[in-house]
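Chemist: Starting off with a structure, shown below.
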Amino acid sequence: MASIRKVGVVGAGQMGNGIAHVCALAGIPVLLNDVSPARIKDALAIINGNMARQVGKNLISEDARKTALKNISAADTIDALSDCDLVIETATEKEDVKRKILAELCPVLQPHAIVATNTSSISITRLAASTDRPEKFIGIHFMNPVPLMELVELIRGIATNDETFEASKEFVTKLGKTIAVAEDFPAFIVNRILLPMINEAIYTLYEGVGNVEGIDTAMRLGAHHPMGPLELADFIGLDTCLSVMQVLHEGLADSKYRPCPLLVKYVEAGWLGRKAQRGFYDYRGEKPVPTR
């Protein structure tokens, strides 16, 4: 079985920097790539800050932080990932964007290299078919925020071979994560269950059954959820929530997955949640204020 000694991460956003963070702490050299050098720089600063918080909470030692930071390097071009044993794509949840990245990435990699996607909903088989190595392609879906969340979903495409699957399992285990193996159906396990719940919470708001505060309080205190569904939607990003619901609706052709019109409206307005400072809550003041 091929051993994963060096990892590349394409996309230096929230998921990408989180994956680089956990790889580095596990002692795996990692290259972080993005179309924007500024985003790589920002990501490295975020990783440094997040690790410093872990030190402050006695989750890791200061020596471990310093060693881990040495394991992360910036990769300003896709070509810089050529000697990686595994490259994980973490771009936005849009299939055309992911296909474009994969088309640029695969020709620069060595024949043994595994390619993975961190997609939360898109068909692994379909993405694999757009590469030169469908048997070495797999879904490795990390949860957000990556350093804190214990679970990783592993999803084989129809062509994914056993060697790729076993190497990926070994890699995820080395990161200290728990694996849930999912079949290649739209949104896999976690988001197949979670996003329709969030969508239903938005319908509950849309239909006037409760306001933002009422819905979130009801689910926090009535179902013991650590975060209300609308607050969670803002954290995930309303554009990502909408993308996953669209994949479910189109992929399973069931009306129960129809995205709520209010979710569509918020995304059209650019109110995407925390990252845009407005979603179901307004984050521009000292504390979040419900927008409905």
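Chemist: Which of (1) closer than 17 Å to Ala68 by Cβ; (2) buried (at least 22 other Cβ atoms within 10 Å of the Cβ); (3) in contact with a strand residue (DSSP E or B) (Cβ under 6 Å, 6 or more places away or on another chain) is the odd one out, the single condition Ile28 does not satisfy?
Modeler: (2)
Chemist: For Glu93, which of the numbered conditions (1) free of Cβ contacts under 8 Å to residues at least 40 places away in the same chain; (2) under 18 Å from Ile236 (Cβ atoms); (3) among the charged types (D, E, K, R) fails to hold?
Modeler: (1)
Chemist: Next question, about the same structure. Evaluate the stretch 130-141: report whether one residue or more is within 20 Å of Ile4 (Cβ to Cβ), among the polar types (S, T, N, Q) and either within 15 Å of the chain's Cα centre (by Cα) or surrounded by 15 or more Cβ atoms within 10 Å (Cβ to Cβ) (or both).
Modeler: yes
Chemist: Here's something else I'd like to know. All but one of (1) more than 11 Å from Gly8 (Cα to Cα); (2) touching an Asp or Glu at 6+ places or on another chain (Cβ under 7 Å); (3) of a type outside the set (D, E, K, R) hold for Ile78; state the number of the condition that does not hold.
Modeler: So Ile78 meets the others, but not (1).
Chemist: Which ones in the stretch 248-287 are of a type in the set (Gly, Ala, Ser), assigned to a loop (DSSP other than H, G, I, E, B) and in contact with a strand residue (DSSP E or B) (Cβ under 9 Å, 6 or more places away or on another chain)?
Modeler: Gly270, Gly279
Okay, residues lined up against (1) within 20 Å of the chain's Cα centre (by Cα); (2) charged (D, E, K, R); (3) under 26 Å from Asp132 (Cβ atoms):
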position: Arg65; (1), (2), (3): no, yes, no
position: Asn71; (1), (2), (3): no, no, no
position: Ala80; (1), (2), (3): no, no, yes
position: Asp83; (1), (2), (3): no, yes, yes
position: Thr90; (1), (2), (3): yes, no, yes
position: Glu93; (1), (2), (3): yes, yes, yes
position: Arg99; (1), (2), (3): yes, yes, yes
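Chemist: Now for a separate question. Scan Leu205, Leu230, Leu221 and give me the residue that is assigned to a helix (DSSP H, G or I), within 21 Å of the chain's Cα centre (by Cα) and either of a type in the set (Asp, Glu) or outside the structural domain of Lys94 (by TED's automatic domain parsing) (or both).
Modeler: Leu230
Chemist: Within the stretch 262-291, how many residues are touching a Leu at 6+ places or on another chain (Cβ under 6 Å) and under 17 Å from Asn211 (Cα atoms)?
Modeler: Result for the stretch 262-291: 5.
Chemist: Could you please find all residues in the stretch 80-117 being surrounded by 18 or more Cβ atoms within 10 Å (Cβ to Cβ) and of a type in the set (Ser, Thr, Tyr)?
Modeler: Across the stretch 80-117, the qualifying residues are Thr90, Thr117.
Chemist: Ok, one more. Quick one: which of Ile124, Ile78, Ile72, Ile114 is over 22 Å from Met143 (Cα atoms) and in contact with a strand residue (DSSP E or B) (Cβ under 8 Å, 6 or more places away or on another chain)?
Modeler: The unique qualifying residue is Ile78.
Chemist: With the condition being under 29 Å from Val244 (Cα atoms), among the aliphatic types (A, V, I, L, M) and modelled with pLDDT of 95 or more, I'd like the helices (runs of 4 or more DSSP H) fully within the stretch 29-122 carrying at least 2 qualifying residues.
Modeler: Hits in the stretch 29-122: 37-56, 95-105.
The values are calculated or read from the model by the stated rules, or taken from the named source; none is laboratory data. Please read these numbers as outputs of a predicted model, since none were measured by experiment. We place every Cβ from the backbone using ideal geometry, glycine too, and count neighbours over all the protein chains shown.
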